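Notes to accompany the following structure.
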Amino acid sequence: MNTDSTDIAKAREKYGIPKDNTLVYGETGFGVGGKFVEGYNAVVNSKATILAQLKELGYEGVSGFIIFTSLGGGTGSGGTPALIKLLRERFIKEEQRRIFIYVVGVLPFKGQSSEALNAVWSLSRLVKAQIEEEGADLILLLSNRTMLDRLIQWKRGVFTDILASKLGMSITALQPESVLVPSTLDNPDKQAKEIEQTFVDIINPFAVRVVEHMLKPAVYEIGKEVFPTTDLADYARKLDPIVIPALYEDVAFLPEAGNISEQIKMIVKHTIEELSLVRVNKNPQASSAFYVFSGPKRLVKIDYDPYVKEALSVYLAEGAAVTPTIVNYADDSVELNFLALLGLPKLDELRDIISEASQLIKLHSGSPLKEKWFERSKGVPKAKLIEAVHDLQSLLGV
């Protein structure tokens, strides 16, 4: 779904998406120009169109929705809270039927103040709606900045090969921080757009695999056992409302080598500190945690739960609960994977985004003309944006 018909057309062509599986909505087809208020109103004004499209896709029997969205752009930051409200009204108020709604929200790159402000406003709206029990059941945050940084550092060879083959260029001399925002490169035109698209192509699978691993325990497979039984609703019931995922695939774990406790401690440490999709602080003090440990039956056992909980305790606030899900397979060839979900951890990266948003507000303060222009460009009074900043500062302790 998008308010920009050009973006939809590109997605159809690039990924071979049938026209019936996409939707352009809003008044113009040219997007909302980064204005979250227009993004919100576009959904409200297109309610009938959106519901008709979803009905065509067979939404009547579903028990939940997962919304992938950008929190920096106007369509995503504004449209997501409105879309959640629309779905809740349709299913819960009209049908009195419980559905679960998860949002996978992508935070913007560093140094994009306007997008930082959009993200702050959107997160504030989403969290307030949760308090009133009208919002998403869970908000999973991902970060363009962190995911790209991870890819450059740990998959540098793959990354450079892709750039070399697609663009005929090398980035071996560049450091991660120098390529975080493609628009700042020397050539901001065609090459920068191609590089940005390349980033998208290798970052998107990160997000998709996290959701796949979350859904996996509830999917029936021959030779698979899950303890305890887990479904999509359990994550929302056990975790605090804003969640940071960390995924370690193809884990190296050798129980026969001895000292299982130390091995698991290293697995958990590597997962949280090196593979989280938003960079967590050294002492994140998360309020809750959920983990999914999956792999061959001889490796994955509920007996290891105390070791995992002990390893995770370093990253949790005192009294935080940890919920395990053990998924084991009779097939020995299955990879060993570890997914950790941290509820409401403290995040330096979110602090940076809040700081950027605050600086943009401050820049447009002190002059009636500047403040009026700022209100017109954002669509809401400055006081509302300050309130959104304070909401997140209070919730996240930043």
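Residues in the stretch 240-273 that are of a type in the set (D, E, K, R), more than 14 Å from Leu347 (Cα to Cα) and part of a helix (DSSP H, G or I): Glu256, Glu262, Lys265, Lys269. For Phe68, the conditions (1) modelled with pLDDT of 90 or more; (2) buried (at least 18 other Cβ atoms within 10 Å of the Cβ); (3) closer than 22 Å to Leu350 by Cβ all hold with the exception of (2). Counted as qualifying within the stretch 330-398 are the helices (runs of 4 or more DSSP H) with 3 or more residues that are in contact (Cβ under 8 Å) with a residue 60 or more places away in the chain and touching a helix residue (DSSP H, G or I) at 6+ places or on another chain (Cβ under 8 Å), namely 348-363, 382-396. Against the test of being open to solvent by 40 Å² or more (accessible area, probe 1.4 Å) and of a type outside the set (Lys, Arg), the options Ile361, Ile353, Ile386, Ile326 yield a single qualifying residue, Ile386. Could you tell me how many of the residues in the stretch 218-239 are part of a helix (DSSP H, G or I), open to solvent by 20 Å² or more (accessible area, probe 1.4 Å) and more than 12 Å from Leu341 (Cα to Cα)? The total comes to 4. Restricting the search to helices (runs of 4 or more DSSP H) fully inside the stretch 21-132 and requiring at least 3 residues that are over 24 Å from the mean Cα position of the chain (by Cα) and either of a type outside the set (Phe, Trp, Tyr) or under 22 Å from Phe206 (Cα atoms) (or both) gives 47-56. In the stretch 254-282, the residues that are without any contact (Cβ under 8 Å) to a residue 12 or more places away in the chain reach residues that are open to solvent by less than 40 Å² (accessible area, probe 1.4 Å) and of a type outside the set (A, V, I, L, M, F, W, C) with C-beta atoms within less than 8 angstrom, at least six apart or across chains, in these pairs: Leu254/Gln263; Ala257/Gln263; Gln263/Pro255.
The rows are residues; the columns are (1) crowded, with 20+ Cβ neighbours inside 10 Å; (2) among the charged types (D, E, K, R).
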residue: Glu38; (1), (2): yes, yes
residue: Gly58; (1), (2): no, no
residue: Thr75; (1), (2): yes, no
residue: Val120; (1), (2): yes, no
residue: Gly135; (1), (2): yes, no
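Entry remark, the stretch 1-18: residues being within 22 Å of Gly79 (Cα to Cα), without any contact (Cβ under 8 Å) to a residue 60 or more places away in the chain and of a type outside the set (A, V, I, L, M, F, W, C) number 5 in total. If you go through the stretch 366-382 one residue at a time, do you hit one that is hydrophobic (A, V, I, L, M, F, W, C), open to solvent by 40 Å² or more (accessible area, probe 1.4 Å) and within 16 Å of Glu115 (Cα to Cα)? Within the stretch 366-382, none of the residues are hydrophobic (A, V, I, L, M, F, W, C), open to solvent by 40 Å² or more (accessible area, probe 1.4 Å) and within 16 Å of Glu115 (Cα to Cα). In the condition set (1) at pLDDT 80 or above; (2) touching a Lys or Arg at 6+ places or on another chain (Cβ under 8 Å); (3) buried (at least 18 other Cβ atoms within 10 Å of the Cβ), Val181 is compliant with all but (1). Within the stretch 293-319, the set of residues being touching a residue at least 60 places away in the same chain (Cβ under 8 Å) and surrounded by fewer than 23 Cβ atoms within 10 Å (Cβ to Cβ) comprises Lys297, Ile302.
So which of Ala116, Ala42 is surrounded by 17 or more Cβ atoms within 10 Å (Cβ to Cβ) and in contact with a Pro (Cβ under 9 Å, 6 or more places away or on another chain)? Exactly one residue qualifies, and that residue is Ala116.
The values are calculated or read from the model by the stated rules, or taken from the named source; none is laboratory data. Source: prediction; values computed, not measured. Glycine also receives a Cβ, built like all others from the backbone with ideal geometry; neighbour counts cover every protein chain displayed. Just the protein is used for accessible areas: all its heavy atoms, side chains included, with ligands, DNA and RNA removed. Shrake-Rupley method; radii C 1.70, N 1.55, O 1.52, S 1.80 Å.
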